[in-house]
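The values are calculated or read from the model by the stated rules, or taken from the named source; none is laboratory data. Being a predicted model, the structure only gives us computed values, none of them experimental. Neighbour counts run over all protein chains shown; Cβ positions are idealised from the backbone, glycine included. Accessible surface areas use protein heavy atoms only, side chains included; no ligands, DNA or RNA. Shrake-Rupley method; radii C 1.70, N 1.55, O 1.52, S 1.80 Å.
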Amino acid sequence: MNLPIALTLLRILVIPLLVLIYYLPFESRYLIAAVLFAAAAITDWLDGYLARRWDQMTAFGAFLDPVADKLMVAVALGLLIEAHAHWLMTLPALIIIGREIVISALREWMAELGERASVAVSWIGKVKTTFQMLAIILLLYFPPATLGAYLSLVLLYAAAGLTLWSMYQYLRAATPHLRKAD
């Protein structure tokens, strides 16, 4: 156990608290949920930075970090789908969740082939993650059916577009290996 792994585990432990706060009937629940998600998103960056900086990268950390990220994002998007109860929210959320499942499976398969580096995180993936995290923070903050929520939804659609583009890039990079597998 090291600090980067502890931060990753903390991110997972925050998920039930995020859900609880989002549903509790008090005035500042949206603000607190947004701040909690933002803090968790910052630890996502921080744990990786510290692991590299302090040379504390481990196989367990490499496994756990993306799991924590996907859980955090999927749960937050699930909250938002339910809260907004509209296809305009559901569509980009399901695109993002679906892409995460596809790319996670692709990375796992490529790792089994010893080709994980072929589907390493690209700069477009980092931009996508930034847009996605900002959109979720803002959507958690603004109550449904408000101008702020609608404007934040535009950012989520941008993240969904980048999500599709990055998925295309990953699949294109993996295509030679996919063809060999037949």
Problem - All positions within segment 149-163 that are of a type outside the set (Gly, Ala, Ser) and surrounded by 15 or more Cβ atoms within 10 Å (Cβ to Cβ) - result: Leu153, Leu155, Leu156, Tyr157, Leu162, Thr163
Practice task
Examine segment 51-60 for a residue that is of a type in the set (Lys, Arg), open to solvent by less than 60 Å² (accessible area, probe 1.4 Å) and modelled with pLDDT of 90 or more, and state whether such a residue exists.
Solution key: no
Problem - Every residue from segment 47-78 that is of a type in the set (A, V, I, L, M) and closer than 19 Å to Tyr22 by Cβ - result: Ala68, Leu71, Met72, Val73, Ala74, Val75, Ala76, Leu77
Practice task
Report the residue count in segment 15-73 for those that are among the charged types (D, E, K, R) and outside any helix (DSSP H, G or I).
Solution key: 2
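Matching residues to (1) in contact (Cβ under 8 Å) with a residue 24 or more places away in the chain; (2) under 13 Å from the mean Cα position of the chain (by Cα):
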{"residue": "Phe63", "(1), (2)": "no, no"}
{"residue": "Met72", "(1), (2)": "yes, yes"}
{"residue": "Leu79", "(1), (2)": "yes, no"}
{"residue": "Ala85", "(1), (2)": "yes, no"}
{"residue": "Ala93", "(1), (2)": "yes, yes"}
{"residue": "Met110", "(1), (2)": "yes, no"}
{"residue": "Val127", "(1), (2)": "yes, yes"}
{"residue": "Pro143", "(1), (2)": "yes, no"}
Exercise for the section: Answer yes or no as to whether Ala158 is touching a Ser or Thr at 6+ places or on another chain (Cβ under 7 Å), part of a helix (DSSP H, G or I) and modelled with pLDDT of 95 or more. Expected result: no
Exercise for the section: State all residues of segment 6-42 that are closer than 20 Å to Ala59 by Cβ and either touching a Phe, Trp or Tyr at 6+ places or on another chain (Cβ under 6 Å) or surrounded by 18 or more Cβ atoms within 10 Å (Cβ to Cβ) (or both); if no residue qualifies, say none. Expected result: Leu7, Thr8, Arg11
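Residue by residue, here is whether (1) open to solvent by less than 70 Å² (accessible area, probe 1.4 Å); (2) within 20 Å of Ile42 (Cβ to Cβ) holds:
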position: Val67; (1), (2): yes, yes
position: His86; (1), (2): no, no
position: Ile95; (1), (2): yes, no
position: Ile103; (1), (2): yes, no
position: Lys128; (1), (2): yes, yes
position: Met133; (1), (2): yes, yes
position: Leu147; (1), (2): no, no
position: Gln169; (1), (2): yes, no
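Matching residues to (1) within 24 Å of Val14 (Cβ to Cβ); (2) out of contact with any strand residue (DSSP E or B) (no Cβ under 7 Å at 6 or more places or on another chain); (3) charged (D, E, K, R):
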{"residue": "Ala76", "(1), (2), (3)": "yes, yes, no"}
{"residue": "Ile81", "(1), (2), (3)": "yes, yes, no"}
{"residue": "Trp109", "(1), (2), (3)": "no, yes, no"}
{"residue": "Ser122", "(1), (2), (3)": "no, yes, no"}
{"residue": "Ala135", "(1), (2), (3)": "yes, yes, no"}
{"residue": "Ala145", "(1), (2), (3)": "no, yes, no"}
{"residue": "Ser152", "(1), (2), (3)": "yes, yes, no"}
{"residue": "Arg172", "(1), (2), (3)": "no, yes, yes"}
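To keep it simple, each residue is scored yes or no on (1) in a loop (DSSP other than H, G, I, E, B); (2) at pLDDT 95 or above; (3) over 17 Å from the mean Cα position of the chain (by Cα).
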site: Arg107; (1), (2), (3): no, no, no
site: Ser118; (1), (2), (3): no, no, yes
site: Thr130; (1), (2), (3): no, no, no
site: Ala135; (1), (2), (3): no, yes, no
site: Leu138; (1), (2), (3): no, yes, no
